[in-house]
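Everything on this sheet refers to the single structure shown next.
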Amino acid sequence: MAYSFEKVQADPVLATVRRLEQRIEARFPGRGLHRLVGELGRLVDEVATSTASVRDRRSWLRPVAKAGILAVVVLTVALLGLAVRAALVDAPADGLEWVPLLESGVNDLVFAAIAIWFLHSVPERLQRQRLLDLLHRLRSLAHIIDMHQLTKDPERLRASFRPTSASVEIDLTPEQLEHYLDYCSELLSLVGKAAALCAEESRDALVLDTVSTVETLTVSLERKVWQKITVLDADRRARPAE
């Protein structure tokens, strides 16, 4: 299958998520991290199917909206024409008597503008709500991934570490911990890619701003994970010299 390099596509993102799911299952079967990558796969698949269904609805809704806009414009022009004609036939003698006629015309134009804006924005608003819901779930998933790596502190594996009765035990070797943190980093990156899929389907300012927020969040959380990986790698390189 040929992929475009001009936009993020759902199929390669989903394939990468499924491959990561297999890798995590092979190394950490039964752990919460494996359930998280499964949930991410379902979300990516939902993003793909939801955007496709919204795209189909938008394809027939846009012509309907354009027809409605045309009807509003024609009706408004006709009403204004009748009003002007009536005003010219029964021209008021006093200039102040023109004020109600002008006010009526302005009101007609305002209501027509509101109706046109509403009809024009219906397809985008239909898509916006669905995308914002998916982005909210992706943002929540990013925080859950961060919770899974939160207590995975490399310093707890040092011989000099003295735990307390409230310390969380890490049941991982240094090598396993490095893989675990690396998987968390990949998961966060894929959450950002899933958010980017939403941006490919909309030019709505609110959607794009939310996508940017999710991507910034995942990059920030990834940075925390890689700081731990760097500490872990430094400890491993220093251990033979001890």
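The values are calculated or read from the model by the stated rules, or taken from the named source; none is laboratory data. On a predicted model such as this, the values are computed, not experimentally measured, just so you know. Protein only, heavy atoms only, side chains kept; ligands, DNA and RNA dropped before computing areas. Shrake-Rupley method; radii C 1.70, N 1.55, O 1.52, S 1.80 Å.
Per-structure values
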{"quantity": "Accessible surface of the range 132-242 [probe 1.4 Å, protein heavy atoms]: carbon and sulfur percent", "calculated": "54 percent"}
{"quantity": "Unsatisfied cross-links (Cα-Cα over 28 Å) in the set LYS7/LYS228; LYS193/LYS224; LYS7/LYS152", "calculated": "LYS7/LYS228; LYS7/LYS152"}
{"quantity": "The range 181-242, accessible area per residue, ligands and nucleic acids excluded (1.4 Å, Å²)", "calculated": "48 Å²"}
{"quantity": "Potential lengthening between GLN22 and THR230 on full extension [0.36 nm per residue; Cα-Cα distance subtracted]", "calculated": "72.4 nm"}
